[in-house]
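Have a look at the structure below, then the notes.
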Amino acid sequence: MDKSTFYYWRKKYGGMEKQELKRLKDLEAENLKLKQMYADVSLDNKMLKDILSKKF
């Protein structure tokens, strides 16, 4: 294991308990899903605007 990786991990998670770590992982996963949902909706919105601008 690389030293810099260990110190980064310790700095990020050092003072947390097991329950807090689990909550953080859950929030990170939820955040990832929300970002993907936003990207999908933004793409749909752009496509609809393009279609509407071409018809009129």
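Just so it is clear, none of the values below were taken in a lab; they were calculated from the coordinates. Note that this is a predicted model, so its numbers are computed, not measured. Quick reminder, even Gly has a Cβ in these numbers, built from the backbone with ideal geometry, and neighbours come from all protein chains shown.
Per-structure values
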item	result
Charge dipole (debye, nearest 20) of the chain; +1 at Cβ of Lys and Arg, -1 at Cβ of Asp and Glu	120 debye
The range 17-56: radius of gyration and largest Cα-Cα distance (Dmax), Å	17.5, 59
Spatially near lysine pairs across the chain, Cα under 15 Å, sequence gap of 8 or more or different chains	7
Within the chain, helix-based [θ] at 222 nm, where runs of 4 or more DSSP H residues each add -39,500 (n - 2.57), nearest 500	-31000 deg cm²/dmol
